[in-house]
Amino acid sequence: MDEVDIILEKIDRGVDVNEVRRDIVALLADALQRVRNNLGYWEKAHLAHAIAELAWNVRSRQQPTTSWLRLCLVDLEKALVPADQRNENYTPRDELLDAITFEQLAGDLEVVRREADDAE
């Protein structure tokens, strides 16, 4: 995914972490919209992880930090892997994760976006 590579390059160049966070939030929001009508277990798992990892970055006491941002981008990229290129049976399914909705993911992303804005 070209967008992920662009953001990783920004991290490597030491671009302001707030700009990187904004880019990641925009990319996550776009990814959520892309899979909205086909939000399966795979997408839920990786997008939920990506949002949580972004939140860990925003809430980290050590600032600026980029480790959580890098992991976030890995999960974001995995969320958009085409179905025919996945191994969805590598782990048992979790009923709670399976029950997550688009609205919950979008709401969580909005909370993290606001926290990131407040951290600037």
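The values are calculated or read from the model by the stated rules, or taken from the named source; none is laboratory data. Note that the structure is predicted; figures quoted are calculated from it, not measured. Positions of Cβ are generated from backbone atoms using ideal geometry, with glycine treated the same way; all protein chains shown enter the neighbour counts. Accessible surface is based on the protein model in full, side chains and every heavy atom, while ligands, DNA and RNA are left aside. Shrake-Rupley method; radii C 1.70, N 1.55, O 1.52, S 1.80 Å.
Residues in the stretch 60-79 that are of a type outside the set (A, V, I, L, M, F, W, C) and either in a loop (DSSP other than H, G, I, E, B) or open to solvent by 40 Å² or more (accessible area, probe 1.4 Å) (or both): S60, R61, Q62, Q63, P64, T65, T66, S67, R70, E77, K78. Selection of the stretch 62-80 for residues being out of contact with any Asp or Glu (no Cβ under 7 Å at 6 or more places or on another chain) and either at pLDDT below 95 or among the acidic types (D, E) (or both) yields Q62, Q63, P64, T65, T66, S67, E77, K78, L80. Within the stretch 37-47, being assigned to a helix (DSSP H, G or I), over 19 Å from A116 (Cα atoms) and either open to solvent by 60 Å² or more (accessible area, probe 1.4 Å) or not acidic (D, E) (or both) holds for N37, N38, Y41, W42, K44, A45, H46.
For (1) assigned to a loop (DSSP other than H, G, I, E, B); (2) surrounded by fewer than 17 Cβ atoms within 10 Å (Cβ to Cβ); (3) of a type outside the set (S, T, Y), each residue gets a yes or a no:
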{"site": "L8", "(1), (2), (3)": "no, no, yes"}
{"site": "V20", "(1), (2), (3)": "no, no, yes"}
{"site": "V35", "(1), (2), (3)": "no, no, yes"}
{"site": "H49", "(1), (2), (3)": "no, no, yes"}
{"site": "A55", "(1), (2), (3)": "no, no, yes"}
{"site": "V58", "(1), (2), (3)": "no, no, yes"}
{"site": "T91", "(1), (2), (3)": "yes, yes, no"}
{"site": "L97", "(1), (2), (3)": "no, yes, yes"}
